[in-house]
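Working notes for the structure below.
Please treat every number below as a calculation from the coordinates, not as lab data. None of these values were measured; they are calculated from a predicted model. Backbone-built Cβ (ideal geometry, glycine too); neighbour counts: all protein chains shown.
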Amino acid sequence: MSKPELYVSLAVGPDCAMESYALRSTLESFGVRVTMHWIGRPNDLVNILSGEDREDKMDYLILNFHGDEGRFYINELAEEIYEPNEPKGEFFCATDVLQFAKLEGIKIIAAGCTLGSESLAKAFLKSGCHSYLGPDDDIDGNANLMFIIRFMYEIINNKKNQQEAFEIAKSIDQETSMFKIYSA
């Protein structure tokens, strides 16, 4: 295999498998090396965000989750199954990001409804990430997928920088225009 165009880690939240498979296949056809992380419990996400279970070489971390009011949907577990200090409940929010994330220099794409909220983006930026992209409202799932594909296509095939690729992908239609970009 020749040297990959980019290295992407794809963290997959509950009920997001179908679009994650489509995204992985498309990115791999573009020459991207994709590492999948299937999020079954809250600590799986914590381990990725904290760096405990994350690749050393990564150009983008894509968090493919459903979202609600600037929070990630996660699996809610029975009380006796939670590990000590594991976030509890059905949401992972900005407070959890501030508590657990160590994201020095990482570029993040949060693919899911309302995951581009300013408060969530600020929490990620405070945790050290380079940039944070996500839709700030309830976005159609197909539009979400198309945004990421077009964004990556522009970076890889047309050698656009992140801001240029963002503007092109955002301009596809009214749905993709919900994406926002935040930088440190």
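Under the criterion of Cα pairs below 8 Å and six or more residues apart, the relative contact order for the chain equals 19 percent.
Near ASP68, the amide H atoms lying under 5 Å from its own belong to TYR73; only residues 5 or more places off or on other chains count, and H is placed 1.01 Å from N. Per-residue 3J(HN,Hα) values for region 60-77, derived from phi via the Karplus relation 6.51 cos²θ - 1.76 cosθ + 1.60 with θ = phi - 60°, read 9, 10, 9, 9, 9, 9, 7, x, 8, 6, x, 10, 7, 6, 10, 6, 8, 9 Hz in sequence order (x marks Gly and Pro).
The C-alpha atoms of the chain occupy a region whose extents along the principal axes are 50, 38, 31 Å, arranged from largest to smallest. Modelled label positions at GLU83 and LYS3, each set 7 Å beyond Cα in the direction of Cβ, lie 3.6 nm from each other. Once the chain from GLU104 to ASP68 is taken as fully extended at 0.36 nm per residue, the excess over their C-alpha distance is 10.4 nm. The orientation-averaged shadow of the Cα convex hull for region 108-163, equal to a quarter of the hull surface, comes to 3.9 nm². Taking each residue as 0.36 nm, the span from GLU118 to ASP53 lengthens on full extension beyond its C-alpha to C-alpha distance by 20.8 nm.
In this structure, the pairs whose alpha-carbon distance is over 18 Å, taken from LYS126/LYS159; LYS3/LYS159; LYS3/LYS57; LYS57/LYS107, are LYS126/LYS159.
Magnitude of the charge dipole for the chain, about its Cα centre and with charges confined to Cβ atoms of Lys, Arg (+1) and Asp, Glu (-1), is about 840 debye.
Here's the picture: charge each Lys and Arg Cβ at +1 and each Asp and Glu Cβ at -1 in the chain, and of ASN75, CYS93, LEU6 the one pushed furthest to the positive end of that dipole is LEU6. Taking amide H positions as modeled 1.01 Å from N, with prolines and chain starts lacking one, the residues under 5 Å from GLY134 and 5 or more places away or on another chain are ALA110, LYS180. Residue ranges 89-95, 67-73 sort as 67-73, 89-95 when ordered by packing (mean number of other C-beta atoms within 10 Å per residue, highest first). Database remark: amide H of GLU5 closer than 5 angstrom to the amide H of VAL32, ARG33 (H placed geometrically; neighbours at sequence offset of 5 or more, or on other chains; Pro and chain starts carry no H). Couplings for region 177-182, taken from phi via the Karplus curve 6.51 cos²θ - 1.76 cosθ + 1.60 with θ = phi - 60°, read 5, 6, 5, 10, 10, 10 Hz in order; Gly and Pro are left as x. Across region 122-132, computed HN-Hα scalar couplings (Karplus, 6.51 cos²θ - 1.76 cosθ + 1.60, θ = phi - 60°) run 4, 5, 5, 5, 5, 7, x, 5, 5, 7, 9 Hz from first to last residue, x flagging Gly and Pro.
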